[in-house]
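Here the structure comes first, spelled out in structure tokens, and everything after it is commentary.
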Amino acid sequence: MAWIFLIIAGLLEVVWAYFMKASEGFSKPWPSIATIIFMFASFGLLSLSMKSLPLGTAYTIWTGIGAVGAFVVGVAVLGEQLSITRVIAAVLIVSGLVLMKLSSSH
């Protein structure tokens, strides 16, 4: 169950990052409120996952899902630049996540 909580927490990190961008520096009320709600949900699920997963594993996977997910949303939804260098960086992050998962005893 901890891994499910962690994956959902990472996906919610992508959601709150998107809404933070949409809030335009917290100047728009509804995206700002959505940012805070999804942040709390993400942190809460991360905390639950850390009850049984090692700190380093949980936090690394959470931030990795968020980083790669935000990159994908940035390119796919917000029209941000897609370059080979950015794709390689994302692949390296995913590789690190796979290695972290493989090295975890949980």
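The values are calculated or read from the model by the stated rules, or taken from the named source; none is laboratory data. Remember, it's a predicted structure, so these values are computed and weren't measured experimentally. So basically every Cβ, Gly included, is an ideal-geometry build from the backbone, and we count neighbours across all protein chains shown. Ligands, DNA and RNA are excluded from the accessible area calculation, which covers all protein heavy atoms including side chains. Shrake-Rupley method; radii C 1.70, N 1.55, O 1.52, S 1.80 Å.
Could you do me a favour and compute the accessible area per residue for segment 1-104, 1.4 Å probe, result in Å²? The answer is 59 Å² per residue.
Pop out the carbon and sulfur fraction of the accessible area of the chain as a percent, whole number, probe 1.4 Å.
Values: 4840 of 6360 Å².
The computed percentage sits at 76.
Computed about its Cα centre, the charge dipole of the chain is approximately 120 debye, with only Lys, Arg, Asp and Glu carrying charge at their Cβ.
Set the Förster distance to 25 Å, then compute FRET efficiency between Thr85 and Lys21 from the Cβ-Cβ distance, nearest 0.05. Working shown, then result.
On the way: r = 21 Å, r/R0 = 0.86.
Rounded to the nearest 0.05, the efficiency is 0.70.
Estimated from helices alone, the mean residue ellipticity of the chain at 222 nm is -27500 deg cm²/dmol (sum of -39500 (n - 2.57) over DSSP H runs with n ≥ 4, per residue).
Note on Ala76/Lys28: beta-carbon distance plugged into 1/(1 + (r/R0)^6) with R0 of 22 Å gives a FRET efficiency of 0.55. Residue separation of Leu102 and Ala41 scaled by 0.36 nm, minus their Cα-Cα distance, works out to 19.3 nm of gained length.
The chymotrypsin sites (Phe, Trp or Tyr not before Pro) found in segment 1-66 that occupy coil by DSSP, while having at most 15 further C-beta atoms within 10 Å, are Phe26.
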